[in-house]
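Accompanying notes for the structure given below.
The values are calculated or read from the model by the stated rules, or taken from the named source; none is laboratory data. Fair warning: this is a prediction, and the values are worked out from it, not measured in the lab. Here the Cβ positions follow ideal geometry from the backbone for every residue, glycine too, while neighbour counts run over all protein chains shown. Heads up: the accessible areas ignore ligands, DNA and RNA and are worked out on the full protein's heavy atoms, side chains in. Shrake-Rupley method; radii C 1.70, N 1.55, O 1.52, S 1.80 Å.
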Amino acid sequence: HYGDIVGVAGSNPAAPTILKMEDIKKKYDQGLYSETIKLAENRLRDFPEDLELKNILAEALFAVNKADDAIKVINEILHKDSKNWRASNHLAIYHKKNNNFKEALKILENCLNKNPKQFNTLFNISLLYFQEKKYQEALKYISQAIISNHEPPISYLLQGKIYIGLENYQQAEKSYKIGLEHNPNSEDLLISLSELYLKIGYTKLGNDILI
(Lines give C-alpha, C1' and ligand atoms only; values in the text may rest on other atoms or scores of the structure.)
Protein backbone atom coordinates (compact mmCIF):
# COMPACT_ATOMS: atom_id res chain seq x y z
CA HIS A 1 0.00 0.00 0.00
CA TYR A 2 2.81 2.39 0.81
CA GLY A 3 5.31 3.18 -1.90
CA ASP A 4 9.02 3.66 -1.71
CA ILE A 5 10.73 7.00 -1.25
CA VAL A 6 14.38 7.89 -1.57
CA GLY A 7 16.19 10.22 0.80
CA VAL A 8 19.57 11.02 2.25
CA ALA A 9 20.39 9.99 5.81
CA GLY A 10 23.40 9.99 8.09
CA SER A 11 26.23 12.45 8.52
CA ASN A 12 27.59 11.85 5.01
CA PRO A 13 25.35 13.76 2.59
CA ALA A 14 26.80 11.81 -0.32
CA ALA A 15 25.55 8.49 1.06
CA PRO A 16 22.02 7.80 -0.27
CA THR A 17 19.68 5.67 1.78
CA ILE A 18 16.58 3.97 0.40
CA LEU A 19 13.80 4.47 2.91
CA LYS A 20 10.49 2.73 2.43
CA MET A 21 7.32 4.51 3.41
CA GLU A 22 6.39 1.41 5.38
CA ASP A 23 9.45 1.95 7.59
CA ILE A 24 8.07 5.28 8.75
CA LYS A 25 4.65 3.74 9.25
CA LYS A 26 6.27 0.96 11.27
CA LYS A 27 7.75 3.53 13.64
CA TYR A 28 4.26 4.95 14.09
CA ASP A 29 2.76 1.50 14.69
CA GLN A 30 5.43 0.86 17.32
CA GLY A 31 4.36 4.00 19.16
CA LEU A 32 7.60 5.81 18.35
CA TYR A 33 5.77 9.01 17.51
CA SER A 34 8.59 11.50 18.00
CA GLU A 35 10.83 9.45 15.72
CA THR A 36 8.00 9.17 13.21
CA ILE A 37 7.61 12.95 13.19
CA LYS A 38 11.33 13.50 12.68
CA LEU A 39 11.56 11.01 9.82
CA ALA A 40 8.40 12.25 8.14
CA GLU A 41 9.44 15.90 8.33
CA ASN A 42 12.86 15.06 6.90
CA ARG A 43 11.38 13.16 3.96
CA LEU A 44 8.82 15.88 3.29
CA ARG A 45 11.65 18.27 2.54
CA ASP A 46 12.40 16.12 -0.51
CA PHE A 47 8.80 15.02 -1.18
CA PRO A 48 6.58 17.97 -0.15
CA GLU A 49 3.60 16.73 -2.19
CA ASP A 50 3.46 13.27 -0.60
CA LEU A 51 0.00 13.28 0.98
CA GLU A 52 0.32 9.77 2.43
CA LEU A 53 3.41 10.87 4.29
CA LYS A 54 1.63 14.01 5.51
CA ASN A 55 -1.23 11.90 6.84
CA ILE A 56 1.21 9.81 8.85
CA LEU A 57 2.85 12.98 10.14
CA ALA A 58 -0.53 14.39 11.20
CA GLU A 59 -1.43 11.17 13.03
CA ALA A 60 1.89 11.20 14.88
CA LEU A 61 1.45 14.85 15.82
CA PHE A 62 -1.99 14.11 17.23
CA ALA A 63 -0.49 11.22 19.19
CA VAL A 64 1.96 13.54 20.97
CA ASN A 65 -0.75 16.13 21.64
CA LYS A 66 0.49 18.62 19.07
CA ALA A 67 -3.00 19.21 17.73
CA ASP A 68 -2.33 22.66 16.27
CA ASP A 69 0.57 21.34 14.20
CA ALA A 70 -1.49 18.32 13.13
CA ILE A 71 -4.39 20.53 12.01
CA LYS A 72 -1.98 22.64 9.97
CA VAL A 73 -0.74 19.51 8.14
CA ILE A 74 -4.30 18.28 7.61
CA ASN A 75 -5.33 21.61 6.11
CA GLU A 76 -2.36 21.36 3.73
CA ILE A 77 -3.57 17.92 2.66
CA LEU A 78 -7.15 19.05 2.11
CA HIS A 79 -5.96 22.10 0.19
CA LYS A 80 -4.25 19.75 -2.27
CA ASP A 81 -6.91 17.03 -2.18
CA SER A 82 -10.33 18.01 -0.86
CA LYS A 83 -11.50 14.40 -1.25
CA ASN A 84 -8.84 12.97 1.05
CA TRP A 85 -11.03 10.95 3.42
CA ARG A 86 -8.21 10.12 5.81
CA ALA A 87 -7.40 13.75 6.54
CA SER A 88 -11.09 14.65 6.75
CA ASN A 89 -11.74 11.87 9.25
CA HIS A 90 -8.85 12.99 11.45
CA LEU A 91 -10.14 16.55 11.40
CA ALA A 92 -13.61 15.36 12.37
CA ILE A 93 -12.24 13.21 15.20
CA TYR A 94 -10.37 16.25 16.49
CA HIS A 95 -13.59 18.27 16.61
CA LYS A 96 -15.43 15.37 18.23
CA LYS A 97 -12.84 15.18 21.00
CA ASN A 98 -13.39 18.89 21.56
CA ASN A 99 -17.14 18.29 21.91
CA ASN A 100 -17.97 20.02 18.64
CA PHE A 101 -20.48 17.50 17.32
CA LYS A 102 -21.95 19.73 14.61
CA GLU A 103 -18.59 20.60 13.06
CA ALA A 104 -17.41 16.99 13.16
CA LEU A 105 -20.62 15.82 11.51
CA LYS A 106 -20.43 18.55 8.88
CA ILE A 107 -16.89 17.49 7.92
CA LEU A 108 -17.79 13.82 7.73
CA GLU A 109 -20.96 14.39 5.73
CA ASN A 110 -19.02 16.53 3.27
CA CYS A 111 -16.42 13.78 3.01
CA LEU A 112 -19.15 11.18 2.48
CA ASN A 113 -20.67 13.21 -0.37
CA LYS A 114 -17.36 12.88 -2.20
CA ASN A 115 -16.95 9.18 -1.44
CA PRO A 116 -20.31 7.63 -0.45
CA LYS A 117 -18.99 4.13 0.26
CA GLN A 118 -15.91 4.97 2.34
CA PHE A 119 -16.01 2.66 5.36
CA ASN A 120 -14.15 4.84 7.87
CA THR A 121 -16.34 7.84 7.16
CA LEU A 122 -19.56 5.85 7.47
CA PHE A 123 -18.30 4.23 10.67
CA ASN A 124 -17.30 7.55 12.24
CA ILE A 125 -20.63 9.18 11.40
CA SER A 126 -22.37 6.25 13.05
CA LEU A 127 -20.09 6.53 16.08
CA LEU A 128 -20.85 10.24 16.36
CA TYR A 129 -24.58 9.62 16.39
CA PHE A 130 -24.18 6.71 18.82
CA GLN A 131 -22.29 8.87 21.28
CA GLU A 132 -25.08 11.43 21.03
CA LYS A 133 -27.59 8.61 21.72
CA LYS A 134 -29.20 9.14 18.33
CA TYR A 135 -29.48 5.43 17.75
CA GLN A 136 -31.65 5.31 14.63
CA GLU A 137 -29.27 7.60 12.75
CA ALA A 138 -26.32 5.60 14.09
CA LEU A 139 -27.90 2.35 12.88
CA LYS A 140 -28.44 3.78 9.40
CA TYR A 141 -24.78 4.61 8.90
CA ILE A 142 -23.28 1.52 10.50
CA SER A 143 -25.51 -0.61 8.28
CA GLN A 144 -24.13 1.24 5.25
CA ALA A 145 -20.60 0.75 6.56
CA ILE A 146 -21.15 -2.99 6.87
CA ILE A 147 -22.48 -3.14 3.31
CA SER A 148 -19.39 -1.31 2.06
CA ASN A 149 -17.02 -3.58 3.99
CA HIS A 150 -18.60 -6.37 6.03
CA GLU A 151 -15.45 -7.90 7.49
CA PRO A 152 -14.15 -5.57 10.25
CA PRO A 153 -15.49 -6.97 13.55
CA ILE A 154 -15.46 -3.46 14.99
CA SER A 155 -18.45 -2.59 12.80
CA TYR A 156 -20.49 -5.42 14.32
CA LEU A 157 -19.38 -4.38 17.79
CA LEU A 158 -20.75 -0.87 17.22
CA GLN A 159 -23.89 -2.22 15.58
CA GLY A 160 -24.52 -4.44 18.60
CA LYS A 161 -24.13 -1.51 20.99
CA ILE A 162 -26.52 0.55 18.89
CA TYR A 163 -29.12 -2.22 19.05
CA ILE A 164 -28.72 -2.30 22.82
CA GLY A 165 -29.39 1.44 22.83
CA LEU A 166 -32.56 0.67 20.89
CA GLU A 167 -33.34 -2.15 23.37
CA ASN A 168 -33.34 -4.66 20.52
CA TYR A 169 -31.35 -7.31 22.34
CA GLN A 170 -31.99 -10.10 19.84
CA GLN A 171 -30.42 -8.10 17.02
CA ALA A 172 -27.57 -7.06 19.32
CA GLU A 173 -26.81 -10.72 20.01
CA LYS A 174 -26.89 -11.43 16.27
CA SER A 175 -24.45 -8.59 15.53
CA TYR A 176 -21.97 -9.73 18.16
CA LYS A 177 -22.12 -13.33 16.91
CA ILE A 178 -21.50 -12.29 13.30
CA GLY A 179 -18.53 -10.25 14.47
CA LEU A 180 -17.19 -13.27 16.33
CA GLU A 181 -17.48 -15.35 13.17
CA HIS A 182 -14.94 -12.98 11.62
CA ASN A 183 -12.78 -12.78 14.74
CA PRO A 184 -13.52 -15.51 17.32
CA ASN A 185 -10.88 -14.17 19.71
CA SER A 186 -12.09 -10.57 19.83
CA GLU A 187 -12.04 -9.68 23.51
CA ASP A 188 -14.30 -6.67 22.97
CA LEU A 189 -16.94 -8.75 21.22
CA LEU A 190 -16.77 -11.56 23.79
CA ILE A 191 -17.09 -9.13 26.70
CA SER A 192 -19.95 -7.28 25.01
CA LEU A 193 -21.83 -10.51 24.31
CA SER A 194 -21.28 -11.66 27.90
CA GLU A 195 -22.55 -8.33 29.23
CA LEU A 196 -25.59 -8.58 26.99
CA TYR A 197 -26.49 -12.04 28.31
CA LEU A 198 -26.05 -10.88 31.89
CA LYS A 199 -28.18 -7.83 31.18
CA ILE A 200 -31.12 -9.90 29.90
CA GLY A 201 -30.86 -12.52 32.62
CA TYR A 202 -28.94 -15.28 30.85
CA THR A 203 -26.45 -15.49 33.71
CA LYS A 204 -24.93 -18.87 32.87
CA LEU A 205 -24.39 -18.00 29.22
CA GLY A 206 -22.87 -14.68 30.18
CA ASN A 207 -20.45 -16.22 32.64
CA ASP A 208 -19.53 -19.17 30.43
CA ILE A 209 -18.38 -16.96 27.56
CA LEU A 210 -15.50 -15.54 29.57
CA ILE A 211 -14.31 -18.84 31.05
### Summary
Surrounding charge for Asn55, neighbours by C-beta under 12 angstrom, Lys/Arg +1, Asp/Glu -1, total -1
## Note on the structure
With T = 4 °C, eta = 1.567 mPa s and Kirkwood Rh from C-alpha pairs, the Stokes-Einstein D of the chain in µm²/s is about 67
### Task
Two decimals is fine: what's Rg over Rh for segment 57-174, C-alpha atoms, Kirkwood radius as Rh?
1.01
#### Entry: For segment 86-129, convex hull of alpha carbons as volume per residue, Å³
54
### Query
How about segment 73-144: which trypsin sites (Lys or Arg not before Pro) there lie in a loop by DSSP and see at most 10 other Cβ atoms within 10 Å?
Lys133
### Percent accessible area from carbon and sulfur atoms, the chain, protein chains only, probe 1.4 Å
49
### Message
Can you tell me the length gained on complete extension of the stretch Glu187 to Asn65, counting 0.36 nm per residue apart and subtracting the Cα distance?
### Response
41.1 nm
### Simple spin-label estimate for Ser82 and Glu151 in nanometres, 7 Å along Cα-Cβ
3.3
### Message
If I fit a long axis through the Cα atoms of helix 33-46 and take the longest principal axis of the Cα atoms of the chain, what angle between them do I get, 0 to 90°, rounded to 10?
### Response
50
### Query
For segment 39-175, what relative contact order do you get, as a whole percent, if you take Cα pairs closer than 8 Å and at least 6 residues apart?
13
### Message
Placing unit charges on C-beta atoms (Lys and Arg positive, Asp and Glu negative, everything else neutral), compute the dipole magnitude of segment 36-96 about its Cα centre in debye, rounded to 20.
### Response
140
### Task
Would you please classify the overall shape of segment 143-210 from the alpha carbon gyration tensor, given that a ≥ b ≥ c denote the square roots of the eigenvalues, rounded means a/c under 1.5, and beyond that prolate means a/b larger than b/c while oblate covers the rest?
oblate
### Summary
Here the relative contact order (percent) of segment 102-211, from C-alpha pairs under 8 Å and at least 6 apart, is 17
### Task
Return the calculated 222 nm mean residue ellipticity for the chain, to the nearest 500 deg cm²/dmol, obtained by summing -39500 (n - 2.57) across DSSP H runs with n ≥ 4 and dividing by the residue count.
-22500 deg cm²/dmol
### Message
If exposed means no more than 14 neighbouring beta carbons inside 10 Å and the site is in a DSSP loop, what's the longest run of the chain without any exposed GluC sites (Glu not before Pro)?
### Response
50-131
### Query
Stretched out fully, how many nm does the piece from Ile211 to Asn98 gain, at 0.36 nm a residue minus the Cα gap?
36.8 nm
### Query
Of Lys66/Lys133; Lys97/Lys174; Lys25/Lys102; Lys83/Lys177; Lys27/Lys72; Lys134/Lys199, which sit over 26 Å apart, Cα to Cα?
Lys66/Lys133; Lys97/Lys174; Lys25/Lys102; Lys83/Lys177
